[in-house]
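Report on the following structure.
The values are calculated or read from the model by the stated rules, or taken from the named source; none is laboratory data. This one's a predicted model, so the numbers in the text were calculated from it and none came from an experiment. Positions of Cβ are backbone-derived with ideal geometry, glycine not excepted, and every protein chain shown enters the neighbour counts. The protein model used for the area step is the full one, side chains on, heavy atoms only, and it has no ligands, DNA or RNA in it. Shrake-Rupley method; radii C 1.70, N 1.55, O 1.52, S 1.80 Å.
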Amino acid sequence: MTQADYAQPLVSANLSSLAFERLEQAIMTGELKPGERLSETTLAKRYGISRGPLREAIGRLEGRNLVERVANQGARVISLRNDELIDLLVIRESLEGMACRLAATRIKPAELKRLQKMLEQHAQDDAVVSGRGYFQGGGDLDFHYRIVKASGNARLFQMLDEELYSLLRLYRQRLSTRPGRPRQALEEHRRVLQALEARDPDAAEAAMRAHIQSSRASLEHHMASEAAPASDVA
């Protein structure tokens, strides 16, 4: 979504839903930065809507853990500390590893073909090819989301979709911009798919866990490089 799209007024009978979609996309793409305050007055004027629908949209974002309320400051885009992000990745490894194990025996052949086609498209994506990042859409446009759905476990899907998915997707996209990470992540996705195609639960869970561990290692390396100058000065 371009900046022009982000600023374009909304005209629809369902203004709250459209405002939610617009704001969610702005957060995912970084147009709205972590910690940035969401001014209802400014956003209502930008979208050409009343503050009522906008307030509803912000409430939905809060429910998705993309927005937090700060005392005496109002709503802000979520901003996780590094240790909180590490904790999130540990939880993600466990839950998605379990989902991938279940999917190995439950996923349908047609879905395996759709995942294969998805990765073929990702391999041709300009951002991945150039190394700028590995960006996926929401819902069924996301490799991980489809695997969790294919697990056939409704409660597990609910936990990831309603409680963690949006936040995970936000930080996955940001982590994917680290040098060398896009192509590495794509190759890891291919290994996950190979295990699913082999109908091997152990290999599928191991491949997914290894993929998320690799993402965490990339983050920890970045955190260490950021802390190094401060340590040198001390």
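Pairs are defined by a Cβ separation below 7 Å, a sequence spacing of at least 6 or placement on different chains, a first member in the stretch 96-110 that is surrounded by 22 or more Cβ atoms within 10 Å (Cβ to Cβ), and a second member that is among the β-branched types (Val, Ile, Thr); the pairs so defined are 96/148; 96/212; 99/147; 99/148; 100/147; 100/192; 103/147.
Total residues in the stretch 123-148 satisfying the condition of being under 18 Å from residue 207 (Cβ atoms) and in a helix (DSSP H, G or I): the figure is 7.
With respect to (1) more than 17 Å from residue 98 (Cα to Cα); (2) of a type outside the set (Val, Ile, Thr); (3) touching a His at 6+ places or on another chain (Cβ under 8 Å), the lone exception for residue 142 is condition (3). In the stretch 73-89, the residue that is least open to solvent (accessible area, probe 1.4 Å) out of those that are of a type in the set (Val, Ile, Thr) and more than 19 Å from residue 161 (Cβ to Cβ) is 77.
Against the definition (open to solvent by 20 Å² or more (accessible area, probe 1.4 Å), out of contact with any strand residue (DSSP E or B) (no Cβ under 9 Å at 6 or more places or on another chain) and not small (Gly, Ala, Ser)), how does residue 126 come out, yes or no? Show your work before the answer.
On the way: open to solvent by 20 Å² or more (accessible area, probe 1.4 Å): yes; out of contact with any strand residue (DSSP E or B) (no Cβ under 9 Å at 6 or more places or on another chain): yes; not small (Gly, Ala, Ser): yes.
Yes.
Regarding the stretch 110-122, can at least one residue be identified that is outside any helix (DSSP H, G or I) and either more than 30 Å from residue 68 (Cα to Cα) or in contact with a helix residue (DSSP H, G or I) (Cβ under 8 Å, 6 or more places away or on another chain) (or both)? No - not one qualifying residue is present in the stretch 110-122. Restricting attention to the stretch 37-72, the residues that are open to solvent by less than 50 Å² (accessible area, probe 1.4 Å), over 17 Å from residue 169 (Cα atoms) and part of a helix (DSSP H, G or I) total 10. All conditions in (1) within 26 Å of residue 112 (Cα to Cα); (2) more than 20 Å from the chain's Cα centre (by Cα); (3) not in a loop (DSSP other than H, G, I, E, B) hold for residue 199, with the sole exception of (3).
If you filter the stretch 156-194 down to residues that are of a type in the set (Gly, Ala, Ser) and closer than 25 Å to residue 104 by Cα, you find that the one that is modelled with the lowest pLDDT is 166.
Among residues of the stretch 214-234 that are more than 19 Å from residue 89 (Cα to Cα), those with a beta-carbon under 9 Å from a residue that is at pLDDT 80 or above at least six positions away or on a different chain give the pairs 226/82. Condition first: open to solvent by less than 60 Å² (accessible area, probe 1.4 Å) and β-branched (Val, Ile, Thr). Can you find one or more residues in the stretch 212-219 that meet it? The answer is yes, given that some residue of the stretch 212-219 is open to solvent by less than 60 Å² (accessible area, probe 1.4 Å) and β-branched (Val, Ile, Thr).
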